[in-house]
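Some notes on the structure that comes next.
The values are calculated or read from the model by the stated rules, or taken from the named source; none is laboratory data. What you are looking at is a predicted structure, and each value in this text was computed from that prediction instead of being measured. Only protein heavy atoms, including side chains, enter the accessible area calculation; ligands, DNA and RNA are left aside. Shrake-Rupley method; radii C 1.70, N 1.55, O 1.52, S 1.80 Å.
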Amino acid sequence: MAIERTLSIIKPDAVKKNVIGQIYSRFEGAGLKVIAARMTWLSEQEAGQFYAVHKDRPFFKDLVSFMTSGPVMIQALEGENAIAKNRELMGATDPKKAEKGTIRADFAESIDANAVHGSDAPETAAVEVAFFFPGMNTYAGR
Ligand code: GDP
Ligand code: MG
């Protein structure tokens, strides 16, 4: 199985709940390595650009407003099958539909305040990792 990288964001609701460490434990427990990380407060422009694929969706304004409502913790994860593995750990977008034991089932309240972001495919993972960690290959630790 391929070693992949994926982009993860711990969203403002989960940062406010003080569960960064618990979420990191789940990455580590699943064999995903944090190879770059940055805590920041996204501007409207950054959040809008990051979620540009959703710009025509009815929830876009709410999404940008939520993602800029507080600090976020952004990380690149690396490991076998990292993209799908992270999506599995996260659970379904709507926490009410997320399987028991997933991050969203355990820490999220609603479809908009849903604790985490994770890239959904190799193409988006590459774009998203580069968006927040340009020049990543030069400092990724192994
Ligand atoms: P994800 O890949 O599981 O995060 O889901 P999507 O890529 O489909 O949507 C991106 C993000 O937009 C989700 O994580 C939610 O925070 C938000 N979102 C998606 N659908 C809705 C919705 O119907 N209403 C609201 N308010 N937010 C939504
Ligand atoms: Mg998505």
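Roughly how many percent of the accessible protein surface of the chain is carbon and sulfur, given a 1.4 Å probe and a whole-percent answer?
On the way: 4060 of 7590 Å².
Ligands and nucleic acids excluded, carbon and sulfur give 53 percent.
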Q) Of all the C-alpha pairs in region 39-103, what % are more than 20 Å from each other? A) 46
Q | ³J(HN,Hα), Karplus 6.51/-1.76/1.60, whole Hz, each residue of region 72-89, x for Gly, Pro | A | 10, 10, 10, 9, 9, 10, 10, x, 5, 6, 4, 5, 5, 4, 5, 4, 5, 4
Q.
What number does the chain give for Rg over Rh if you use C-alpha atoms and the Kirkwood radius?
A. 0.93
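Apply the Kirkwood formula to region 24-73: the hydrodynamic radius equals the inverse of the mean of 1/r over all pairs of different alpha-carbon atoms; give it in Å with one decimal. Don't jump to the answer; show the numbers that get you there.
Numbers: mean 1/r = 0.0801 Å⁻¹.
Here the Kirkwood hydrodynamic radius works out to 12.5 Å.
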Q) Per residue, how many Å² of accessible area does the chain show with a 1.4 Å probe? A) 53
Q | 5 angstrom amide H check on VAL72, placed H, neighbours 5+ away | A | THR40, TRP41, LEU42
